[in-house]
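The values are calculated or read from the model by the stated rules, or taken from the named source; none is laboratory data. As the structure is a prediction and not an experimental result, all values here were calculated from the model. Glycine gets a Cβ as well: all are built from the backbone with ideal geometry, and neighbour counts include every protein chain shown.
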Amino acid sequence: MRYESPDTIEAAAKLLASESGDARVLAGGTDLLVQIRAEVLDPVLVVDIKRITETRTVQEENGGFRIGAAVSGAELKEHPSLKKIWPGVLEAANLIGSTQVQGRATLGGNLCNGSPAADSVPAMIAAGAVASIVGPNGRRELPVEDIMLAPRKLALQKGEIIASFKLPKKSRASDAYLRFIPRTEMDIAVVGCGVNLTLDDSGTCTAARVGLGAVAARPLLVEDAGKALVGTKVDDAALDKMVAAVRAACKPIDDKRGTVEFRIDVAGVLAKRTALIALDRARKV
Amino acid sequence: MKHHVTTTVNGDEVEFLCETDQTVLDCLRNELELTGTKEGCGSGDCGACSILLDGRLVCSCLVLGVEASGKTIETIEGMAKGDTLHPLQRKFLEHAALQCGICTPGVLVAAKSLLERNPDPTETEVRYWLAGNLCRCTGYDKIIRAVMDAAAEMRGA
């Protein structure tokens, strides 16, 4: 196994693209190193992207923020303004693993590991996050909901790396993320739900995005759930419509962590609770 | 191909050679003979291999040795100053906050990192911060009591 740590994203993409064997991006390593040790993966090349400025910085951009794909959860938590604007994204990112894992785990890694249960992904989808992807043929953008296609399968071409995520700023908006796990800490989501709401001055919802995790082969943007809230005061009738849309979108599996029926039911319950937290926060913005 | 890594461990500049697939945990124990850091699960679940990397609490089993190049590492070996134990170490002895001791170096390193950031944590904050440090002798209550007691003493000192 070769190790490279280039200091530009273009050089990293070139290294990955020109390797004929299995080549992997190393960000926090909290999934990659475990998979190498378990012999699930046996790469001939790992490209460490943490010496690249763009992947490691958080900066304001056109009123929104650009978050480097290799910024750790602990660093996100300590950022002075992210938590005020996207408390839901932060609570989702900070649910990944222990304090030790938070010291290394990244948003880019959580997405590119390709698990449908990744905690930060539904919250990033709800936030309208767009990934900036660099490959051997240049840079392109893709919304977070379009990146994961199926377990371990991404819409990235050979040599492409997510360099950063753009989170667009909205006025009078806020978000929340909740997950259901059978324990209180350190577990994999049975269902995860992120909601981002925008209100106008009268308190009417003008935009809503609902992201769901662990209830399908990929994290979902449930457009009908968002539409059910737009134009309403997020009252009980609107929430009921949203819950129905969320449950209709679920296509979960039965496994040791939850049955199909349980996951569909819990998805609706969580979506309602998450929306109410996001609503309360948006009213206080 | 072996990598030549220069890093700072507990204040001393050290050099070692490692293969790409060796973790920082491997390098500490087998190249630098610093065996205070323990290997539990090897997959980031148990926290026995906790160290500080550039001041950040991490599992050393989830960091490649080559990644440590130019960085600062703190391990359990740097906690006592000569013969003087750190207050956390002393309180762990007073409260008998260990049984077999395998988890202890990781718990101490993690607890020290917490108290440096938050000198006055609530019991809940201590429990959440240490949720990634597993103790299979189930001595958690004594561990929590020892950390709370050490925090109180350090605030008074």
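Of all residues in region A:226-285, those that are of a type outside the set (Phe, Trp, Tyr) and assigned to a helix (DSSP H, G or I) total 41.
Taken together, the residues in region A:175-197 that are farther than 12 Å from A:GLY128 by Cα and part of a strand (DSSP E or B) amount to 8. Just for region A:149-189: of the residues that are more than 30 Å from A:GLN100 (Cβ to Cβ) and modelled with pLDDT under 95, which one is surrounded by the fewest Cβ atoms within 10 Å (Cβ to Cβ)? Here the answer is A:SER171. All conditions in (1) in contact with a helix residue (DSSP H, G or I) (Cβ under 8 Å, 6 or more places away or on another chain); (2) more than 19 Å from A:VAL71 (Cα to Cα) hold for A:ASN137, with the sole exception of (1).
Checked against the criterion of being hydroxyl-bearing (Ser, Thr, Tyr), without any contact (Cβ under 8 Å) to a residue 40 or more places away in the chain and buried (at least 19 other Cβ atoms within 10 Å of the Cβ), region B:132-153 has no qualifying residue. Inclusion of B:VAL9 among residues that are aliphatic (A, V, I, L, M) and within 11 Å of another protein chain (Cβ to nearest Cβ) is not warranted. Among the residues of region A:67-105, those identified as surrounded by 24 or more Cβ atoms within 10 Å (Cβ to Cβ), touching a residue at least 60 places away in the same chain (Cβ under 8 Å), more than 17 Å from A:LYS169 (Cα to Cα) and touching a strand residue (DSSP E or B) at 6+ places or on another chain (Cβ under 6 Å) are A:ALA69, A:ALA92, A:ARG104.
Let's see how each residue does on (1) within 14 Å of another protein chain (Cβ to nearest Cβ); (2) surrounded by fewer than 22 Cβ atoms within 10 Å (Cβ to Cβ); (3) closer than 25 Å to B:ARG155 by Cα:
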position	(1), (2), (3)
B:ASP21	yes, yes, no
B:ASP26	yes, yes, no
B:GLU31	no, yes, no
B:LEU34	no, yes, no
B:LEU93	no, yes, yes
B:LYS112	yes, no, yes
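Here B:CYS59 fulfils each of the conditions (1) within 28 Å of A:VAL44 (Cα to Cα); (2) more than 10 Å from chain A (Cβ to nearest Cβ); (3) surrounded by 20 or more Cβ atoms within 10 Å (Cβ to Cβ); (4) of a type outside the set (S, T, N, Q) apart from (2). Checking the stated criteria, A:GLY109 turns out to be within 13 Å of chain B (Cβ to nearest Cβ) and modelled with pLDDT of 95 or more. Number of residues in region A:23-60 that are charged (D, E, K, R) and more than 14 Å from chain B (Cβ to nearest Cβ): the value is 2.
Taken as a whole, the structure leaves B:LEU108 outside the set of residues that are of a type outside the set (Lys, Arg), touching a residue at least 60 places away in the same chain (Cβ under 8 Å) and either under 10 Å from B:ALA150 (Cβ atoms) or in the same structural domain as B:LYS38 (by TED's automatic domain parsing) (or both). Of note, A:GLY203 satisfies the criterion of being exposed (fewer than 14 other Cβ atoms within 10 Å of the Cβ) and not aromatic (Phe, Trp, Tyr). Residue under question is A:THR53, and the condition is that it be in the same structural domain as A:LEU82 (by TED's automatic domain parsing) and surrounded by fewer than 20 Cβ atoms within 10 Å (Cβ to Cβ); does it hold? Yes: the conditions hold for A:THR53. Just one of the numbered conditions (1) within 14 Å of chain A (Cβ to nearest Cβ); (2) part of a loop (DSSP other than H, G, I, E, B) is not true of B:TRP129: (2).
Given the residues A:LYS241, A:LYS256, which is the only one that is modelled with pLDDT of 95 or more and surrounded by fewer than 19 Cβ atoms within 10 Å (Cβ to Cβ)? Just one listed residue meets the conditions, A:LYS241.
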